[in-house]
Amino acid sequence: MKTLRKVMGRPVGVFAVGVLALVACVSIVSYFWLPQDPNHATSNVWLPPSGDHWLGTDGSGRDIASRLLAGSRVSFGVALGTGALASLIGFLLALLGGLGKRPVREVVAVGIDVLVAFPTTLLAIMLTAVFGSGIPIVVAALGVAFGVSMGRVLRAEFRQVQGADFVVAAQVAGLSRTRILFRHLIPSVLPVYIVQVTWTMGTAVLAEASLSYLGFGAPKDVPSWGGMLASTQRFVSVYP
């Protein structure tokens, strides 16, 4: 609650929370109501905005407003899925690499360095090329890539906090490793973790849009913002 109050106390924080709330609401509403069928193609191509088509139609005669609303599901779903998977992987790597025994720490450190050097988008493209395009594949690829990056940051934080005076005092007092972990270590790295998760979710939206734009993200029958941009970019100057 204290962190939320600090965020809401700044204009940028209020704007960011407002945008996130808007996307979340639009995504939820789109499951229950859309102006029209987002995949219904008609002969009425490139219509301007009107009462029937709030944002007009695309080159296939599909309602752009409906596709825009439906596309929010993909973006919001990828953000949540990637954030959850990256958090799980990142925390696991951080615990093993920061608090594990020396051989385990060394193996984790080498593994993280190797995986971090591999481009995220390229990894996602490789996985979709092997297993086929789809949102679960995109979430898995982005979750692993961002989870490794998150693990690298959190591992350093765990190592730093582990040497702090209050942790050493807790060890001298005879507290168990589990109690020290949940009472001192995790709360100390929580602010860094929150920043990493929010950055991961925002970047995942952009990464999914990029992959869909390139044809490696959402299937063509699933409305997505990147796919919409790819299918209409040639006609923007003619039908703005």
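The values are calculated or read from the model by the stated rules, or taken from the named source; none is laboratory data. Computed from a prediction, not measured in an experiment: that's the story for all the values here. Cβ sites come from the backbone with ideal geometry, for glycine too, and all protein chains shown count toward neighbours. For accessibility, only protein heavy atoms count, side chains too; no ligands or nucleic acids. Shrake-Rupley method; radii C 1.70, N 1.55, O 1.52, S 1.80 Å.
Residue by residue through the range 74-112, note down the ones that are open to solvent by 50 Å² or more (accessible area, probe 1.4 Å) and free of Cβ contacts under 8 Å to residues at least 12 places away in the same chain.
101, 102, 103, 104, 105, 106, 107, 110
Filter the range 17-49 down to residues that are in contact (Cβ under 8 Å) with a residue 40 or more places away in the chain and among the β-branched types (Val, Ile, Thr) and give me whichever is nearest to residue 79 (Cα to Cα).
The extreme case among them is 23.
For residue 73, are the conditions met, namely being charged (D, E, K, R) and at pLDDT 85 or above? Give the steps one after another, and end with the answer.
Numbers: charged (D, E, K, R): yes; at pLDDT 85 or above: yes.
When the stated conditions are applied, residue 73 passes them.
Among the numbered criteria (1) surrounded by 12 or more Cβ atoms within 10 Å (Cβ to Cβ); (2) more than 20 Å from residue 227 (Cα to Cα), which single criterion is violated by residue 19?
(1)
Within the range 82-112, track down each residue that is under 16 Å from the mean Cα position of the chain (by Cα) and not in a helix (DSSP H, G or I).
None - no residue of the range 82-112 is under 16 Å from the mean Cα position of the chain (by Cα) and not in a helix (DSSP H, G or I), so the list stays empty.
Listed here are the residues, each with its yes/no results for (1) over 15 Å from the mean Cα position of the chain (by Cα); (2) open to solvent by 90 Å² or more (accessible area, probe 1.4 Å).
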site	(1), (2)
197	no, no
202	no, no
208	no, no
211	no, no
214	yes, yes
221	yes, yes
228	yes, no
232	yes, no
237	yes, yes
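Looking at 137, 125, which one is free of Cβ contacts under 8 Å to residues at least 40 places away in the same chain, more than 18 Å from residue 199 (Cβ to Cβ), open to solvent by less than 50 Å² (accessible area, probe 1.4 Å) and β-branched (Val, Ile, Thr)?
Numbers: 125 fails: free of Cβ contacts under 8 Å to residues at least 40 places away in the same chain.
Answer to the selection: 137.
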